[in-house]
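Take a look at the structure set out below.
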Amino acid sequence: MLVSALPIPFRNSCPILPLTCVEVDYQIGTTVLLEALSFTLSAGGPTVILGPNGAGKTLALKLCHGLINPTRGTLRWSDAAHDMPGRQAMVFQRPVMLRRSVAANIEYGLAVHKVPAPQRAERVKTMLELTGLVALAGRSARVLSSGEQQRLALARAWAMQPEVLFLDEPTANLDPAATSAVEELIIAIAATGTKVVLSTHDLQQARRFAAQILFLHRGRLLESSAADDFFKQPRSAAATAFLRGELWW
Ligand SMILES: Nc1ncnc2c1ncn2[C@@H]1O[C@H](COP(=O)(O)OP(=O)(O)OP(=O)(O)O)[C@@H](O)[C@H]1O
Ligand SMILES: [Mg+2]
């Protein structure tokens, strides 16, 4: 995909960033699931939240997106109006599709956010083209394959042109071809100036995307580094083992 040819306006600033988290805990009952997370999400290339199964990646994304609240510590966006509709979006590992057509799924969010009808139609068309879903535009979204649903979920979120897009394991259930199609889309989204924050347990995927790595293990943030530094010289024993493929949980 030729990024310079994308029919999407380039976003050259994300005023809601940075997002600063200081000593954030997330606890359910007496169990501390995330402990003392401190990190900053800044504008720029993708941040990858990396870690084995159960590390706390999904919870960390939900905290950032405001779906759950810290039980201790602070989480602060640069702009107080960070929760205005459309400024940040999240795509879940198993996206929920509305019981409507593919095109209507994309259009729905735009209508909710009061994008005028002519612009809506234009954006839906652009998104269908960019995500390779033109031929499926009239099909019921619920019958799509996992890979197609993931592309639709990305189209739906991208249509909002958010400043920040959170993606939870966007390729976890996909085959290699669908994975590379979705990765290409994510690269295009990032290239239009949206800040991408993506979770994965896939080391190679992290190498392909990340500008910044947040390495989580058992609910603790062991590293928050520029990706090059992380891959060259991880500081924690757990990350070193993970990079060798020797850390399972
Ligand atoms: N509502 C909940 N109640 C109790 N425990 C929970 C709850 N949600 C998550 N957990 C626990 O918190 C830990 C982190 O969960 P999370 O889903 O964030 O992990 P993850 O890194 O996304 O894992 P995966 O790679 O498998 O998706 C896990 O041990 C999980 O069992
Ligand atoms: Mg998860």
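No lab work stands behind these numbers, since they all come straight from the coordinates. Quick caveat: nothing in here was measured; it's all calculated off a predicted structure. Neighbour counts run over all protein chains shown; Cβ positions are idealised from the backbone, glycine included.
Placing a pseudo-label 7 Å from each Cα along the Cα-to-Cβ vector at T20 and D175 gives an inter-label distance of 4.8 nm. Shown for region 3-243: lysine pairs separated by 8 or more places, or found on different chains, whose C-alpha atoms are under 28 Å apart, numbering 8. Each label point was placed 7 Å from the Cα along the Cα-to-Cβ direction; for E184 and T30 their separation is 5.3 nm. Taken along the Cα-to-beta-carbon direction at a fixed 7 Å, the label points for K232 and S146 span 3.7 nm.
Looking at region 3-243 alone, DSSP beta bridges between its own residues are antiparallel in about 50 percent of cases. Over region 168-243, the ratio between the Cα radius of gyration and 2.2 N^0.38 Å evaluates to 1.14.
On the basis of the beta-carbon distance and an R0 of 35 Å, D202 and S13 show a calculated FRET efficiency of 0.70. A Förster radius of 30 Å, combined with the Cβ-Cβ distance separating S38 from H113, puts the computed FRET efficiency at roughly 0.40. Its residues counted as N, the chain yields a C-alpha radius of gyration over 2.2 N^0.38 Å of 1.00. Our estimate of slack between R76 and V134, defined as 0.36 nm per intervening residue step minus the Cα-Cα distance, is 16.9 nm. Hey, how many Å between the Cα centroid of region 146-160 and the Cα centroid of region 31-91? Computed from Cα coordinates, the inter-centre distance equals 21 Å. Quick one: net charge around P18, please, counting Lys, Arg +1 and Asp, Glu -1 for every other residue with C-beta under 15 Å from its C-beta. Residues close to P18 contribute a combined charge of +1. Put simply, the amide H of R72, placed in the peptide plane, has neighbours under 5 Å in D25, leaving out anything fewer than 5 places away on its chain. Only helices enter the 222 nm calculation for the chain: every DSSP H run of n ≥ 4 contributes -39,500 (n - 2.57), and dividing by all residues gives -10000 deg cm²/dmol, rounded to 500.
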